[in-house]
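**Student:** Before anything else, here's the structure in question.
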Amino acid sequence: MIFGYDGKRAVLNNTGLGNYSRLLVDVMSRFYPDNSYRLYTPVVKPNPRLEEVLGHDNVSLVTPDEKYITRWKPFWRTLNMASQMVDEGVGLIHGLSGELPVNVASAGVPSVVTIHDVIFRYYPECYHLVDRKIYDYKFRKSVQAATRVLAISECTARDVVKFYGIDPGKIDVVYQGCHAQFRRDVPADEIAQVRRKYGIERPYIICVGTVEARKNQMMAVRGLRGLPDEFDLVIVGRRTSSYARTIESYLNTYNTTDRIKFIDYADFADLPALYAGAFCSSYTSLYEGFGIPVIESLSVGTPVIVASGSCLEEAAGSSAPVVSPGDIGEWISLAKELFNYPEARRRIAAEGRQYVSRFSDEAMARGTMECYRKAIEDYERHKK
């Protein structure tokens, strides 16, 4: 069978949605090699991480055919992509990033849409009004039109029901895993080399993720003042908002600039060593759909302090230290415990690593294929 994917994010995005898109197609092509997997994209740009996926003989990249391009070329994904997919033999359409073509319901094949989160519903202040309206419209129309909805966590599945009134029986929860490079023991010499590369000299806590208010890195920044001076904080992620300037202003006010290292663009291959070199990670987002940095950190054996209130406890497991997103004092206590009690830290790390082993490539592939099977059955049943 030929599966068709909206591949724009896989080509252009090297963070969350792009990582998910590439990983899903990669695992499907490996565990179900008898099928064909086509990534449809309006543009093609060099992307080394996509090349890994395109290295499979059953994966291909497809661009707009001239006969499907109208004077509304920028809207090919929305208006014409589904028609091209079906005409080229695609038997199921999967929207990987919360949207489907507007005519997917009449395309003549079953469809699946992945919903990652509805953050704009919980924290509208983090989005421009127009963006919120567009996201909400796309999500609502897509989950209504899709034959089935794939949610990346139980938390997200509940939100789809809550905000869009979708029958829970139409939703399948399939967890995302992480890249295979994180599922290994990172050698000490590799950790030392990466630390030298980024100028990290002292013991550190690491935060990975775009620097923005929702990610709540300020919790670790403020908490650092409650830890001994020998500790640093390493923040890996793009500084693209006024929130980053707020953090920098805070550091200047309290004269702690020398204890914070920002790495705006770390090489993807260096992330396992950056996690492994830290004595703990901090991922205290106000809201997430799942939280891949949690999985990455635990996979290399570094414990994570996570925030309560969304899906992070679901991602980290019952042994993870959990803190309310605004409780700086509790965060300081948890960080101190991880450093002062190495036996407890090792136990928490081992239990966390065991827990996240369930988010395997095979589990992701099997769960996704089961979602596809249900979508095909549901579509055929409703046609009668």
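**Student:** Quick check on packing: order 56-63, 300-307 by the mean number of other C-beta atoms within 10 Å, highest mean leading.
**Tutor:** Result, highest mean Cβ count within 10 Å first: 300-307, 56-63.
**Student:** Kindly give Rg over Rh for the chain, based on alpha-carbon atoms, with the Kirkwood expression for the hydrodynamic radius.
**Tutor:** 0.99
**Student:** Using a/c under 1.5 as the rounded threshold, could you call segment 254-384 rounded, prolate or oblate? The axes a ≥ b ≥ c are square roots of the C-alpha gyration tensor eigenvalues, and prolate needs a/b larger than b/c, oblate otherwise.
**Tutor:** prolate
**Student:** If I stretch the segment between residue 102 and residue 60 completely, what's the gain in nm (0.36 nm per residue apart, minus their alpha carbon distance), one decimal?
**Tutor:** Computed gain between residue 102 and residue 60 is 12.8 nm.
**Student:** So, one more: Determine, from the Cβ-Cβ distance of residue 69 and residue 360 and an R0 of 51 Å, the FRET efficiency 1/(1 + (r/R0)^6), rounded to the nearest 0.05.
**Tutor:** The value I calculate is 0.80.
**Student:** What is the gain in length, in nm to one decimal, between residue 381 and residue 258 on full extension, counting 0.36 nm per residue of separation less the C-alpha to C-alpha distance?
**Tutor:** Separation in residues times 0.36 nm, less the Cα-Cα distance, equals 37.9 nm.
**Student:** Also: According to the square roots a ≥ b ≥ c of the eigenvalues of the Cα gyration tensor, what is the shape class of segment 180-356, taking rounded for a/c under 1.5, prolate for a/b larger than b/c otherwise, and oblate for the remainder?
**Tutor:** rounded
**Student:** So, one more: Could you compute the FRET efficiency for residue 128 and residue 167, with r as their C-beta to C-beta distance and R0 at 41 Å, rounded to 0.05?
**Tutor:** Once the sixth-power term is evaluated, E becomes 0.85.
**Student:** In deg cm²/dmol, rounded to 500, what helix-only [θ] at 222 nm does the chain give when every DSSP H run of at least 4 residues adds -39500 (n - 2.57) and the total is split over its residues?
**Tutor:** Taking each H run of at least 4 residues, the total per residue is -13500 deg cm²/dmol.
**Student:** What is segment 149-260 by shape, rounded, prolate or oblate, if you read a ≥ b ≥ c off the alpha carbon gyration tensor as root eigenvalues and call it rounded for a/c under 1.5, prolate for a/b larger than b/c, and oblate otherwise?
**Tutor:** oblate
**Student:** Tell me which lysines have Cα within less than 19 Å of residue 261's Cα, excluding those fewer than 8 residues away on the same chain?
**Tutor:** Within reach: 197, 215.
Taken together, the values in this text are just the output of simple stated rules run on the coordinates, not laboratory data. Quantities reported herein were computed from a predicted structural model and do not represent experimental measurements. Methodologically, a virtual Cβ is constructed for each residue, glycine included, from the backbone with ideal geometry; neighbour enumeration extends over all protein chains shown.
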